[in-house]
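The values are calculated or read from the model by the stated rules, or taken from the named source; none is laboratory data. Values in this document were obtained by computation on a predicted structure and should not be read as measured data. Reconstructed Cβ throughout: ideal geometry from the backbone, glycine too, with neighbour counts over all protein chains shown. For accessibility, only protein heavy atoms count, side chains too; no ligands or nucleic acids. Shrake-Rupley method; radii C 1.70, N 1.55, O 1.52, S 1.80 Å.
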Amino acid sequence: MIRTATPDDLASITEIYRDAVLNGTASYELEPPSLEEMQGRFEALRASGYPFLVATDDDGTVLGYAYAGPFRARPAYRFIVEDSIYISPEAKGRGLGTALMRELIGEVRGLGFRQFVAVIGDGTPDSPSVRLHEKLGFRHTGKLEGSGYKHGRWLDTTFMQLEMNGGANHLPDPDSWPEKALKDG
C-alpha cells in the first residue's frame, strides 16, 4: 500500500535512511541524522505542501518512502522539484520503488510542477536508481564527476529530469501550486 506519510512513520523512515547513509552511496551524508532531525525535515516539507509518501506491507510496516522537495531555494526555481526515494534493504527488488515513484510523479504533476529532477549519488549507469528513473521517463541531463567521497571512493552525481505539464513550452499556470505558493509566501 502507498499512502501519505504521517509523523508515526518517522521512526521507520529514520531507520531506512540510517541504513542508506551507513551502507549506501545514494546519500552523501556521512552520519545518519537523528529522529529529531528527520522530524524537522519532514515537518518542513509537509508545512510547505510537498508530497511525502510511504510504502507499507499488509501489517502497516513501512518498507520505503519517497518525497518531493525544493530543488533550490530561489523563487525562479519554483516549478522544479527534486525527488528522494529510499527502500529498506529487505524490501529491495520488489517493485516498491517503481510504485512509490509513479505515485509521487502523479502528485507532483497534479500540483502543477513543470520539471522533476533526480540528483543521484553514485549515479553509475547500472545503478538501480538510474535504471528506475530511466524506466519512468526521466532523461539524463548531466553528471558531476568525482563530486562525493564516501566509503573510500570517489562518486559521481548523475542528474536526470522529467518534464511535465508542458515543461518550458508554456507559460506558468497562475492556478498552479508553485504560483500560488509564491504569491502566498
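Restricting to the range 42-72, give me the number of residues that are within 16 Å of residue 118 (Cα to Cα) and open to solvent by 60 Å² or more (accessible area, probe 1.4 Å). Step through it out loud before you land on a result.
Step one: filter the range 42-72 for residues within 16 Å of residue 118 (Cα to Cα), giving 50-52, 65-72.
Okay, now just the ones that are also open to solvent by 60 Å² or more (accessible area, probe 1.4 Å), so 70, 72.
Of the residues in that region, 2 qualify.
Taken as a whole, the condition of being in contact with a Ser or Thr (Cβ under 7 Å, 6 or more places away or on another chain), open to solvent by less than 20 Å² (accessible area, probe 1.4 Å) and either part of a helix (DSSP H, G or I) or at pLDDT 95 or above (or both) does not apply to residue 10.
Looking at the range 13-96, what strands (runs of 3 or more DSSP E) fall wholly within it and have at least 3 residues that are not hydrophobic (A, V, I, L, M, F, W, C)? Write out each step before concluding.
Details: elements: 52-56, 62-70, 80-87.
Once the strands (runs of 3 or more DSSP E) in the range 13-96 are filtered for at least 3 residues that are not hydrophobic (A, V, I, L, M, F, W, C), what remains is 62-70, 80-87.
Taking the criterion of being touching a Gly at 6+ places or on another chain (Cβ under 7 Å), among the β-branched types (Val, Ile, Thr) and open to solvent by 30 Å² or more (accessible area, probe 1.4 Å), no residue of the range 128-185 qualifies. Screening the range 101-127 for residues that are touching a residue at least 40 places away in the same chain (Cβ under 8 Å) and assigned to a helix (DSSP H, G or I) and picking the one that is surrounded by the most Cβ atoms within 10 Å (Cβ to Cβ) gives 104. Can you list residue pairs whose Cβ atoms sit under 9 Å apart, with the first residue in the range 1-29 being more than 21 Å from residue 119 (Cβ to Cβ) and in contact (Cβ under 8 Å) with a residue 60 or more places away in the chain and the second being acidic (Asp, Glu) and surrounded by 19 or more Cβ atoms within 10 Å (Cβ to Cβ)? Count only pairs 6 or more apart in sequence or on different chains. Within 9 Å, no pair qualifies.
So, in the range 10-27, how many residues would count as being small (Gly, Ala, Ser) and farther than 20 Å from residue 60 by Cα? Counting residues in the range 10-27 that are small (Gly, Ala, Ser) and farther than 20 Å from residue 60 by Cα gives 4.
Filtering the range 128-153 to residues that are assigned to a loop (DSSP other than H, G, I, E, B) and among the small types (Gly, Ala, Ser) leaves 137, 152.
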